[in-house]
Amino acid sequence: MMNQRTSWAHWLALFLLTATSVKLLSAQEMEEQENHVSDIVSKIYNFLVRNGEIELLGHYCSYSTRPYFLRWQLKFKTKIWCPGWTLVYGSAKGNSSVSSSLQDAIVNFVQKAYQEDVISEEDAKPWLQGRK
């Protein structure tokens, strides 16, 4: 009778040890997968989100581009401002590419800067030709 209990206890201990090992392995694998997914999401975010500086009409300006979804389509919104020069800022929303969003934000900035007499018509003209 003692041998049967020992045998049964041995199998139970072996089963619990195996189950715990599998559980620990699964937890470790899950953590590795979470880290991998986090790295992928971070790379996509860094690819889509752009912050930077450009020189515009002889002044350094900053811009920020962010993605968003509209009706299941990826769109971009951009804001451009020129600290130390003017409080005017330009913005664009609804573009399907980072570069077109930045270009439209620059044109919007130039339009506003011209309306506020920050820049001359001569400076604004190259940016506004062919635009509505």
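Overview of results
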{"read-out": "Answer residue from the range 118-132, given it is surrounded by fewer than 18 Cβ atoms within 10 Å (Cβ to Cβ) and not in a helix (DSSP H, G or I) and is modelled with the lowest pLDDT among those", "value": "132"}
{"read-out": "The range 89-117 - residue that is open to solvent by 60 Å² or more (accessible area, probe 1.4 Å) and outside any loop (DSSP other than H, G, I, E, B) and, of those, modelled with the lowest pLDDT", "value": "99"}
{"read-out": "In the range 52-88, the residues that are of a type in the set (Gly, Ala, Ser) and assigned to a strand (DSSP E or B)", "value": "52, 62, 64"}
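The values are calculated or read from the model by the stated rules, or taken from the named source; none is laboratory data. As the structure is a computational prediction, the values presented were derived from the model and not from experiment. Note: ideal-geometry Cβ built from the backbone for every residue, glycine included; neighbour counts use all protein chains shown. When the accessible area is computed, the model is the full protein with side chains, heavy atoms only, and any ligands, DNA or RNA have been set aside. Shrake-Rupley method; radii C 1.70, N 1.55, O 1.52, S 1.80 Å.
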